[in-house]
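First the structure, in the form of structure tokens, and then the observations on it.
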Amino acid sequence: MAMQYVEANGARIPAIGLGTWDLRGRTCARVVEQALRLGYRHIDTAEMYGNEREIGEGVRASGVRRDDVFVTTKVWQDHLSPPEFERATKDSLVKLRLSEVDLLLIHWPSPRIPLAETIGALCRMKQAGFARHVGISNFTVPLVEEAVKLSTEPLVTNQIEWHPYLDQSKVVAACRQHGLSVTAYSPIARGRAVADKQLRLIGLHHRKTASQVCLRFLVQEGAIVIPRTSKLERLEENMTIFDFALDPPEMDEIRKLANRRGRVVDWSGAPNWD
Ligand SMILES: NC(=O)c1ccc[n+]([C@@H]2O[C@H](COP(=O)([O-])OP(=O)(O)OC[C@H]3O[C@@H](n4cnc5c(N)ncnc54)[C@H](OP(=O)(O)O)[C@@H]3O)[C@@H](O)[C@H]2O)c1
């Protein structure tokens with residue numbers, strides 16, 4: 001399968017990556033290794049996932065050249081002061097056994113640390129050669145605007161929850177305006193999309209599963225998708241999304257699934273920035 005890429009502010013990011021939240025130990029290393037063998041070229045992790053060591057192991061075991069794999073990690077909310085940010089980044093690199101990551105993200109914004117300080121630290125990590133590209137995650141429209149103003153380095157993505165049940169058009173538009181890509185996390189709504197009647201029905205016309213229709217929808221909307229699976233047999237299913245296309249009425253039908261209670265990731269602990 002030919003990989004597709006999303007270009008954003010100087011970065012070239014594989015349009016599908018493997019999500020790894022909650023993947024642990026040997027399972028994590030095996031899934032990463034197998035994903036890369038199958039053709040995935042993008043792995044998403046974070047210091048908070050506690051699996052960076054196994055991600056590194058999986059990447060090395062796959063035999064895929066380091067330069068051919070796009071590795072993203074994220075600095076957790078408790079480590080956003082500049083000295084903590086630098087320490088956390090270096091710890092991640094030690095665990096991954098990499099000299100640099102392809103993309104370093106601020107995992108969640110924090111009202112406790114001025115954004116200017118964290119963005120400054122993020123940019124310094126790129127300037128020091130620890131990250132090829134930098135970006136943000138879980139940033140709302142006003143925060144995207146603020147981050148873009150503060151950053152001396154191009155921000156290449158905003159990683160946010162995005163799937164058919166959640167309308168993210170406002171934040172997506174803000175990102176586009178500034179050249180950022182959008183990375184869709186929980187792209188199959190933590191599994192909810194798999195059983196969706198409409199997605200299944202659309203899938204029947206294309207001989208595709210609901211999960212594939214859901215991921216294809218997001219890719220056609222311009223997103224980078226990072227579905228997670230712990231099952232080797234589902235890796236291939238989730239990446240086989242570049243050999244069919246949804247037509248405009250199908251895209252419209254899927255957009256109609258969005259609703260106010262669509263979120264699957266708990267934002268109750270997140271600051272109300274809007
Ligand atoms: N930046 C952030 O704050 C943030 C927040 C959340 C997530 N993320 C990232 O985004 C990634 C993906 O999001 P997510 O893990 O929340 O959810 P997701 O990828 O939407 O869904 C994962 C769930 O779907 C199931 N699944 C996957 N493929 C399937 C298929 N083809 N058929 C049936 N079931 C399938 C998986 O179960 P099995 O394992 O049994 O296949 C798992 O329970 C994360 O792993 C993480 O890397 C980032």
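Listing for the model above:
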| quantity | calculated |
| --- | --- |
| Local electrostatic count at Leu235 - Lys and Arg +1, Asp and Glu -1, tallied over other residues with Cβ under 12 Å | +1 |
| List Arg97, Arg234, ordered by accessible area with a 1.4 Å probe, largest first | Arg97, Arg234 |
| Cα-derived Rg over Rh, computed across the chain with Rh taken as Kirkwood radius | 0.95 |
| Estimated distance in nm for a label pair at Ala245 and Lys231, the labels positioned 7 Å out from Cα along Cα-to-Cβ | 3.1 nm |
| Calculated on alpha-carbon atoms, Rg and Dmax of segment 111-171 in Å | 12.7, 40 |
| Residue order for Thr209, Thr20 - accessible surface, 1.4 angstrom probe, largest first | Thr209, Thr20 |
| Overall Cα dimensions of segment 45-194, principal axis frame, Å, largest first | 41, 40, 25 |
| Enclosed volume per residue, in Å³, of the convex hull spanned by Cα atoms of segment 1-96 | 104 Å³ |
| Chain lengthening between Arg26 and Ala258 when straightened (0.36 nm per residue, less Cα-Cα) | 79.9 nm |
| The chain - share of DSSP beta bridges that are antiparallel (%, nearest 5) | 15 percent |
| Heavy-atom accessible area per residue - the chain, 1.4 Å, Å² | 45 Å² |
| DSSP-defined antiparallel bridges as percent of all bridges, segment 4-163, nearest 5 | 20 percent |
| Helical contribution to [θ] at 222 nm, DSSP H n ≥ 4, -39,500 (n - 2.57), averaged over the chain, rounded to 500 | -12000 deg cm²/dmol |
| Anchor Lys90: lysines whose Cα lies under 25 Å away (excluding residues fewer than 8 positions away in-chain) | Lys74, Lys126 |
| Ranked by how many other beta carbons lie within 10 Å on average, peptides 156-166, 192-202 from highest | 156-166, 192-202 |
| Contact order relative to length of the chain, as percent, for alpha carbon pairs under 8 angstrom and 6 or more apart | 19 percent |
| Counting all C-alpha pairs of segment 159-257, share separated by more than 23 Å (%) | 19 percent |
| Relative packing of peptides 141-148, 179-186 - highest average C-beta neighbours within 10 Å first | 179-186, 141-148 |
| Reach of Lys170 by Cα under 22 Å, taken over lysines that are not fewer than 8 positions away in the same chain | Lys149, Lys256 |
| Radius 14 Å from Cβ of Gln127, net charge of other residues (Lys, Arg +1; Asp, Glu -1) | 0 |
| Along principal axes, Cα extents of segment 139-191, largest first, whole Å | 38, 17, 14 |
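The values are calculated or read from the model by the stated rules, or taken from the named source; none is laboratory data. Since this is a predicted model, take the numbers as computed values, not measurements. Don't worry about glycine lacking a Cβ; one is built from the backbone with ideal geometry, like all the others, and counts go over all protein chains shown. What goes into the accessible areas is simple: the full protein's heavy atoms, side chains included, and nothing from ligands, DNA or RNA. Shrake-Rupley method; radii C 1.70, N 1.55, O 1.52, S 1.80 Å.
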